[in-house]
Structures are given as C-alpha cells and as structure tokens.
1. Restricting the first residue to the range A:84-103 and requiring it to be without any contact (Cβ under 8 Å) to a residue 24 or more places away in the chain, which pairs with a second residue that is surrounded by 13 or more Cβ atoms within 10 Å (Cβ to Cβ) and assigned to a loop (DSSP other than H, G, I, E, B) meet a Cβ separation below 6 Å and a spacing of at least six or different chains?
2. Can you tell me which residue within the range A:117-150, out of those that are more than 8 Å from chain B (Cβ to nearest Cβ) and closer than 13 Å to residue B:207 by Cβ, is surrounded by the fewest Cβ atoms within 10 Å (Cβ to Cβ)?
3. Could you identify the single residue in A:98, A:26, A:55 that is modelled with pLDDT under 80 and in a loop (DSSP other than H, G, I, E, B)?
4. Filter the range B:149-177 down to the residues that are part of a helix (DSSP H, G or I) and in contact with a helix residue (DSSP H, G or I) (Cβ under 7 Å, 6 or more places away or on another chain), then identify the one that is surrounded by the fewest Cβ atoms within 10 Å (Cβ to Cβ).
5. Name every residue in the range B:75-120 that is buried (at least 16 other Cβ atoms within 10 Å of the Cβ), over 13 Å from residue B:155 (Cβ atoms) and among the basic types (Lys, Arg), in order of residue number.
6. From the list A:153, A:85, exactly one residue is out of contact with any strand residue (DSSP E or B) (no Cβ under 8 Å at 6 or more places or on another chain) and either of a type outside the set (A, V, I, L, M, F, W, C) or surrounded by fewer than 15 Cβ atoms within 10 Å (Cβ to Cβ) (or both). Which is it?
Amino acid sequence: MAELDTSSGGGHKKGPGVKKAKKLSTKVDLTPMVDLGFLLITFFLFATTLNEPTTMNLAMPKDDVKDQDLTKIKESGALTIVMGKSNQVYYYLGMDPTKLQSTTYTQLRSVILNKKQTTPADDLFITIKPDKDATYENVVNVLDEMTIDDIHKYSMDNANDVEALVVQKTEEANGIK
Amino acid sequence: MARGKIKRKGTSIDMTAMCDVAFLLLSFFILTAKFKSAEAVQITTPHSVSNKPADASSDAFIVEIDKNGLVYIELSDSGIRSNVIDKMAQIKAVQFPAALKSRFIAAEMIGTPFASLPQYLQMSPDDQKKVTLPGIPVDSTGGELRDWITAGLQAYDNDTKAIHFIIKGDNAAKYPVIDDVLKAFKKNEVYKYRLLTVPTGVPVGSELFKKTAQNGGKQEAAE
C-alpha cells in the first residue's frame, strides 16, 4: 500500500562502468504516527466533558388548600431551615423562631440527621424557608440535601415576618452583610 | 549433516493499517463531536445529586433566570413557536405583526416584555446582539411570564404531559425572583417542573449513598 514499486523495470543490463544506483527504501516507519494518532484520540476522549445536564424534579403544592387538607405538623418533629444572605443558613427546632441557631451548609447534614435519628419517622417534617437574600444555589442545595438525607416530608415556604426579623437581627449581630 | 538454515524473520510490522485505524477514529470523534452553541445569556446552574437526564431537546419550555434576576424563555421546539405567539397575542388582545412571525420563530429566546417584542425582532441580528435584553417582567402575581406559560400550555392543548417545564436558574439568582417564577407557574396550575442542574456525586456515607448501594446503584424516583 504505502510502498512504491522501485524495482527498475525491464531487463536493462548495466554496463560495467555504470554504478549501481543505491535503492532507497520508501517504506516509512509508521509507528510514531500511530502513537501520535492514539495519543490524540486519548487526549480528546479525556478532555471532553460529557455535560449532559440533569434535572431535579420539584412539585409544589396548590395554594388554595382547605383547612382540613393542611398538613399537621407535630412540634416535636418540626425542623425549620432558614436561608439568609451571604450563604448563611439557620435552623430552629419546634415552633419558636427566636430559638434560631446558625449553622453552615456543610454542617446542615449533621443537623438534619441528628433530628432524623431522634424523631419518629412519621413526625419529622422539615420546612425550608429561603429569606429574600437567599440565592437559587442555596435553595437547590437544601432541596438536594433532602434527597441526600432521604427525607420524604418537607415543604418550601416563604419566611414569615418573625423569622425574617430574627434572621435580620442575627445577621446584624454577626456582622454579615 | 548440514543443518537447514533458520530463516530470520523481520520484527518490524507494517503499521500502515494501524495508522489508518487511529486516524479514522480520530476524525470520527472530531466530526461527531457536538459543539456547544454560544449562549446569549450565561447561566451557571447549581449542582445536585439528581441523575435524571434533562432531555431538554424536545418540547421543553425553559424558564431561564440569570444572575441579575432577569427572566427569559426558551422554547426548544421551533415548530410550536408560531402557535405560542398566536396564543400570546390572543391573551394580550393585540395583533402580532405577521411579518415578524417568522423572525419570532427563528429567535432562540424571548427576553423582552411583550410590548417591545416587535421592536426587538425588527432589529438586524447584529443589533440584537448588542442590546442587553431587559428580561420578561415578573412580579408576585406572576407578571407577563404567567401569560407566556398560559400561551405555552394552550399551544400544547393544555396537555401537561406533552410540555416539559424546566427552570434553569443561575447560582447567584436571588430567591424572590425564583418565588415569582414559581408563582407564575402556580397561577397556571402547573405544580410540577424540573430544575436544571449539573450532576455531582452522591456524598459517600450519606443516607442516599447507602440507599443507592442497596438498590444496586439506582436512585429511587422521588416525587
């Protein structure tokens, strides 16, 4: 294939004075080229990011629910997570927002798991309340945390006035802008 | 007795065929690679452990929220766009210029208030690139986005199974805008949508990690 016919055609006989032309081989060693080819293939395969985006399903409740349809939450099983500004996250157990405690997104998991282990599975209810300064990333992070910690009962709501105020005061006290 | 001479064999193998294969593969991979189309609006989506493929290519109604809280709509199926704009004109009770309809269908995203849409579409593509899109107005009652969702639903004959609502939000988008967008969906009685995320690994040792290990590596379809 990659060879040329170099044999001189015809039975032309050379004279005694004619020097025999040195036959150069036209065969090229293709090994380095193969190396290069496969190197490029490997490089492109590794350098390609398969960025197939995924989605997280989210189902929100209807707004116009009647009183009897409302989910009743036991105070002992309630955990409310409030997301504040500058990636701050707060939580409180039960129904009293003034008992707000600060935590971080990395520690949130242990807070949730602690609550999960100390509460009967049916009683546990987590309310996620993003403050007006929370970012979309915070919201998705916390929703993701629910999946990671295998929590089935949770809801998302807006922070009420008391919670907003408590968060604001805490932020002021901690000097978070 | 004279021993037969052992013929020495050359150890060099003809590499031509191998070389052919290597470059054939190389050109195949290069040609089949899909290039990411340049996006008009840069959106960095958050990470999540979810592993459901997005399938954003067909019948998706994508609501995009950029880092400044501006809202855009992207309709992945260009076939439905003419239907959507008709319905939207009906809702707004105005006549949408017929001449601009083809331009609307060709446009990749909707990023202006409905009133200034004709003005935007009239511009040449180069001018369109220069202007910063003001975004679709949203407020606590849903704003204009609510009407677009209604139009989208109507275009799909109110079949919520046929249309995929996807929210593509930027990491830095503030929650109030997200809330407004969710309200716009709520007003249309759409309660299920998907959030576009970048997949990430499940943290080792977490509850989900143990569960997926039990289920043979499959995440449960959480509703």
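The values are calculated or read from the model by the stated rules, or taken from the named source; none is laboratory data. As the structure is a computational prediction, the values presented were derived from the model and not from experiment. So basically every Cβ, Gly included, is an ideal-geometry build from the backbone, and we count neighbours across all protein chains shown.
1. As it stands, the answer is A:92/A:100, since those pairs meet every condition given.
2. Going through the qualifying residues, I end up with A:117.
3. Exactly one residue qualifies, and that residue is A:26.
4. B:154
5. Result: B:101, B:103.
6. Matching residue, one of A:153, A:85: A:85.
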